[in-house]
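Structure first, then comments.
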Amino acid sequence: MVKPRPLIAGNWKLNKGPAEARAFGDALAARLGGIPGGKVDIVVAPPFVSLPALTARGFFTGAQDVYWEDKGAFTGEVSAAMLRELGVEYCIVGHSERRQFFGETDRTVNLKAASLLAKGIRPVLCVGERAEERKAGIMFNVVQFQLNAGLFDIGIKDPGDIVIAYEPVWAIGTGNVATPQQAEDMHEEIRRFLEKRFGVDTGCRIRILYGGSVNENNIEGLMDMDHINGALIGGVSLDLDKFLSIINLIVKREK
Ligand code: PEP
């Protein structure tokens with residue numbers, strides 16, 4: 001089985017304004033200079049205001065959210081066209097923090113994903129069950145529902161157009177990383193879903209990331225799994241050395 005090229009994405013959440021982001025970007029670009037290209041795609045997703053400090057640096061940038069209308073009376077929002085104008089290539093949609101604190105629903109996730117694709121930006125669609133849903137044994141149903149709704153009516157031209165991030169809510173920011181097997185079981189379900197939804201050729205090449213307390217010590221066990229194609233990393237992505245050591249570990253495996 002040919003695995004898609006790995007993707008490592010850092011979700012900075014509400015951290016690092018423009019000055020700090022620029023310094024991080026300078027250091028990351030300088031230290032990535034020594035890493036052979038093409039082995040791994042790297043995405044950094046800062047707050048909106050820090051995006052310009054990070055674009056065109058040899059790694060990709062991602063936004064953490066988007067609004068689905070192009071323009072209009074929507075105070076506080078940012079459109080996919082505006083992100084495109086900045087050179088942003090990826091955008092997280094449906095992160096559990098947005099679902100929990102900002103009223104994100106599967107319907108709005110779907111509208112956002114469609115508007116991103118229409119502007120040539122790759123959605124990183126986050127799905128994942130809460131602790132009580134896992135306890136009740138309904139985690140596969142929960143994730144399947146989120147995928148079904150989030151991808152409703154969505155077509156893609158290339159497997160690289162879309163990325164799925166499996167992020168069990170109980171693992172985010174808690175230090176309770178899923179075991180590689182727990183993650184793989186879900187990734188396999190997601191893979192089957194994608195193959196049915198987009199056809200086997202495309203579905204088997206869409207990248208499925210794992211997210212939730214990933215660090216430099218647990219990344220390799222996760223990446224050993226057949227259907228784990230990278231990681232969405234929160235806390236640890238704020239630390240340049242740790243973020244780079246994760247990238248380096250993956251580059252070494254791809255040789
Ligand atoms: C996230 O917020 O997407 C995430 C995975 O966070 P952390 O790595 O800190 O658990």
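For segment 223-241, what are the residues that are within 11 Å of the ligand (Cβ to nearest atom) and in a helix (DSSP H, G or I)?
Residues satisfying the conditions are Gly235, Val236, Ser237, Leu238.
So, in segment 6-34, exactly how many residues are exposed (fewer than 15 other Cβ atoms within 10 Å of the Cβ), in a loop (DSSP other than H, G, I, E, B) and more than 14 Å from the ligand (Cβ to nearest atom)?
3
Would you confirm whether any residue within segment 186-195 is touching an Asp or Glu at 6+ places or on another chain (Cβ under 7 Å) and open to solvent by 40 Å² or more (accessible area, probe 1.4 Å)?
Looking only at segment 186-195, we keep the residues that are touching an Asp or Glu at 6+ places or on another chain (Cβ under 7 Å), and these are none.
Checking segment 186-195: not a single residue is touching an Asp or Glu at 6+ places or on another chain (Cβ under 7 Å) and open to solvent by 40 Å² or more (accessible area, probe 1.4 Å).
If I ask for residues that are small (Gly, Ala, Ser) and on the phi < 0 side of the Ramachandran plot, which ones from segment 79-130 would you list?
Of everything in segment 79-130, those that are small (Gly, Ala, Ser) and on the phi < 0 side of the Ramachandran plot turn out to be Ser79, Ala80, Ala81, Ser96, Ala113, Ala114, Ser115, Ala118.
Scan Glu195, Glu220, Glu184 and give me the residue that is in contact with a Ser or Thr (Cβ under 9 Å, 6 or more places away or on another chain), away from the ligand (no atom under 13 Å from the Cβ), over 20 Å from Gln64 (Cα atoms) and of a type outside the set (A, V, I, L, M, F, W, C).
Details: Glu220 fails: in contact with a Ser or Thr (Cβ under 9 Å, 6 or more places away or on another chain); Glu184 fails: in contact with a Ser or Thr (Cβ under 9 Å, 6 or more places away or on another chain).
None of the other options fit; the residue is Glu195.
Could you run through segment 173-185 and say how many residues are open to solvent by 30 Å² or more (accessible area, probe 1.4 Å) and within 17 Å of the chain's Cα centre (by Cα)?
Selection size over segment 173-185: 2.
Can you report the number of residues in segment 236-255 which are open to solvent by 60 Å² or more (accessible area, probe 1.4 Å) and within 21 Å of Ile208 (Cβ to Cβ)?
So the count comes out to 2.
Could you list, in sequence order, the residues of segment 174-227 that are in contact with a Phe, Trp or Tyr (Cβ under 6 Å, 6 or more places away or on another chain) and farther than 19 Å from Val142 by Cβ?
Once the filter is applied, which keeps residues that are in contact with a Phe, Trp or Tyr (Cβ under 6 Å, 6 or more places away or on another chain) and farther than 19 Å from Val142 by Cβ, segment 174-227 yields only Leu222.
Need the failing condition index for Thr202 against (1) among the β-branched types (Val, Ile, Thr); (2) in contact with a strand residue (DSSP E or B) (Cβ under 9 Å, 6 or more places away or on another chain); (3) open to solvent by 30 Å² or more (accessible area, probe 1.4 Å), just the number.
It is condition (2) that Thr202 fails.
Of the numbered conditions (1) open to solvent by less than 50 Å² (accessible area, probe 1.4 Å); (2) free of Cβ contacts under 8 Å to residues at least 40 places away in the same chain; (3) of a type in the set (Lys, Arg), Arg207 satisfies every one except a single condition; which is it?
(2)
Looking at segment 80-89, is at least one residue open to solvent by 30 Å² or more (accessible area, probe 1.4 Å) and closer than 22 Å to Ile228 by Cβ? Give the derivation first.
We begin by selecting, within segment 80-89, every residue open to solvent by 30 Å² or more (accessible area, probe 1.4 Å); these are 81-82, 84-86, 89.
So of that shortlist, the ones also closer than 22 Å to Ile228 by Cβ come out as 89.
Yes - at least one qualifying residue is present in segment 80-89.
Are any of the residues in segment 122-130 in contact with a His (Cβ under 6 Å, 6 or more places away or on another chain) and closer than 21 Å to His95 by Cβ?
yes
Name the residues in segment 79-109 that are more than 16 Å from the ligand (Cβ to nearest atom) and within 20 Å of Glu189 (Cα to Cα), would you?
The one that is more than 16 Å from the ligand (Cβ to nearest atom) and within 20 Å of Glu189 (Cα to Cα): Asp106.
Whether any residue in segment 159-170 is more than 16 Å from the ligand (Cβ to nearest atom), farther than 21 Å from Ala9 by Cβ and surrounded by fewer than 21 Cβ atoms within 10 Å (Cβ to Cβ) is what I want to check. Reasoning before the result, please.
Initial filter on segment 159-170 (more than 16 Å from the ligand (Cβ to nearest atom)): 159-162.
Cutting the leftovers down to farther than 21 Å from Ala9 by Cβ gives us none.
No, that holds for no residue.
Taking Gly212 as the residue in question, decide whether it is in contact with a helix residue (DSSP H, G or I) (Cβ under 8 Å, 6 or more places away or on another chain) and either among the β-branched types (Val, Ile, Thr) or surrounded by fewer than 24 Cβ atoms within 10 Å (Cβ to Cβ) (or both).
Against the criterion (in contact with a helix residue (DSSP H, G or I) (Cβ under 8 Å, 6 or more places away or on another chain) and either among the β-branched types (Val, Ile, Thr) or surrounded by fewer than 24 Cβ atoms within 10 Å (Cβ to Cβ) (or both)), Gly212 does not qualify.
Can you name every one of the helices (runs of 4 or more DSSP H) wholly within segment 104-151 that holds 3 or more residues which are open to solvent by less than 10 Å² (accessible area, probe 1.4 Å)?
Here the list reads 106-118, 139-150.
The values are calculated or read from the model by the stated rules, or taken from the named source; none is laboratory data. The shown structure was predicted, so the numbers you read here are calculated from the model rather than taken from an experiment. Cβ: placed from backbone, ideal geometry, glycine included. Neighbour counts: every protein chain shown. These area figures cover heavy atoms from the full protein model, side chains too; ligands, DNA and RNA do not enter into them. Shrake-Rupley method; radii C 1.70, N 1.55, O 1.52, S 1.80 Å.
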